[in-house]
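Heads up, the thing below is written out as structure tokens.
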Amino acid sequence: MSKLILVISCPDEKGLIARITGVLHRHNGNIVENGEFVDAEQNRFFMRTAVEGIEDVDLLQRVLKTELPREARIRISGSGRKRVVLMATTEPHCLGDLLIRAGFGDLPMEVASVISNHDTLRELTESFHVPYHHVSAEGLSRGEHEAQVGALLEAAQPDLIVMAKYMRILTSGFIQQYRNRILNIHHSFLPAFIGANPYRQAWERGVKIIGATAHFASEDLDEGPIIAQDVIPVNHNHGPKEMARNGRDVEKRVLARAVRFVLEDRVIVNGNKTIIFE
């Protein structure tokens, strides 16, 4: 039996859960997973429900709109695999991890293609029978380069774009076009250690934890709504190379978790924050 994911956000008021579940019951829906949250400060209600047995999705959406506040945002999607485009530069760890997880069914996604501004990762990508597009930025303005990337994305029609260590800053116009559909990953040292060799900077400073943050891309560099984070301890025995290796492991794990949350419609953006129904 096919499963639908229903995601709702709206102003909070009494009886919302009863009205929503009542509509699902009247349409022969069987709830198999459910989560709710109320942001008391904003007086806003959030709900994610997995339901089976619904036959007419358009009718369900129309009826829900009559039962909920006018400002309600309703998203209904299937639970099958989503189309994803991965973007990378030269570092293989995040890209390779996602290709493995997708190829062996650990993540519910079809990798439509990989786009890179270097040709370094072509062999890795094509070993998974995934199309690889090298779009060099050499001699191009940022806008010209993004126009070529955008044409490939338009052809692929992805549900999600993942910057798997894609080391180029995206313009505001590009991000606006794919609002809350671009994931990024970075080490946890920002903004303390900016630029080249952040792990050497961290080692010289004697940091005791390293980690990673996955977030939606935004106009403010590395400041988009956070989806997943993790840290691991380090000590004086860890040199810059060991710290960088451990940091790559954390980045892979955090990015994969964030990708899963988004693919499974477990993320609702609430201003500059996210609600995550794990």
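The values are calculated or read from the model by the stated rules, or taken from the named source; none is laboratory data. Just so we're clear, the structure is a prediction, and the values are computed from it rather than from any experiment. Glycine gets a Cβ as well: all are built from the backbone with ideal geometry, and neighbour counts include every protein chain shown. These area figures cover heavy atoms from the full protein model, side chains too; ligands, DNA and RNA do not enter into them. Shrake-Rupley method; radii C 1.70, N 1.55, O 1.52, S 1.80 Å.
At a glance:
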quantity	calculated
Residue within region 150-160 that is in a loop (DSSP other than H, G, I, E, B), open to solvent by less than 60 Å² (accessible area, probe 1.4 Å), of a type in the set (D, E, K, R) and under 30 Å from P131 (Cβ atoms) present	no
In region 34-57, residue least open to solvent (accessible area, probe 1.4 Å) [restricted to those that are more than 25 Å from N270 (Cβ to Cβ) and acidic (D, E)]	E52
Yes/no for E41 being acidic (D, E), at negative phi and free of Cβ contacts under 8 Å to residues at least 24 places away in the same chain	yes
Verdict on I115 being in contact (Cβ under 8 Å) with a residue 60 or more places away in the chain and in a strand (DSSP E or B)	no
Qualifying residue in region 71-80 (condition: of a type in the set (S, T, Y), more than 19 Å from the chain's Cα centre (by Cα) and not in a strand (DSSP E or B))	no
Total residues in region 93-110, condition farther than 21 Å from A156 by Cβ, touching a helix residue (DSSP H, G or I) at 6+ places or on another chain (Cβ under 9 Å) and open to solvent by 60 Å² or more (accessible area, probe 1.4 Å)	1
Qualifying residues in region 12-28 (those that are of a type outside the set (G, A, S) and over 25 Å from S79 (Cβ atoms)) - the one most open to solvent (accessible area, probe 1.4 Å)	K14
Residue in region 228-241 that is within 16 Å of N180 (Cβ to Cβ) and either touching a strand residue (DSSP E or B) at 6+ places or on another chain (Cβ under 8 Å) or surrounded by fewer than 15 Cβ atoms within 10 Å (Cβ to Cβ) (or both) present	yes
Condition broken by E264, with the remaining ones in (1) touching a strand residue (DSSP E or B) at 6+ places or on another chain (Cβ under 8 Å); (2) open to solvent by less than 10 Å² (accessible area, probe 1.4 Å); (3) in contact (Cβ under 8 Å) with a residue 60 or more places away in the chain satisfied	(2)
I31 being open to solvent by 20 Å² or more (accessible area, probe 1.4 Å), within 21 Å of E264 (Cα to Cα) and either modelled with pLDDT of 95 or more or not in a loop (DSSP other than H, G, I, E, B) (or both)	yes
Among (1) open to solvent by less than 40 Å² (accessible area, probe 1.4 Å); (2) within 29 Å of G143 (Cα to Cα), the one test that I210 misses	(2)
Pairs where the first residue, in region 186-205, is open to solvent by 80 Å² or more (accessible area, probe 1.4 Å) and hydrophobic (A, V, I, L, M, F, W, C) and the second is modelled with pLDDT of 70 or more and part of a helix (DSSP H, G or I), C-beta under 6 Å, 6+ apart	W203/P240; W203/M243
Residue that is free of Cβ contacts under 8 Å to residues at least 12 places away in the same chain, of a type in the set (D, E, K, R) and farther than 16 Å from Y178 by Cα, where the choices are E126, E110	E126
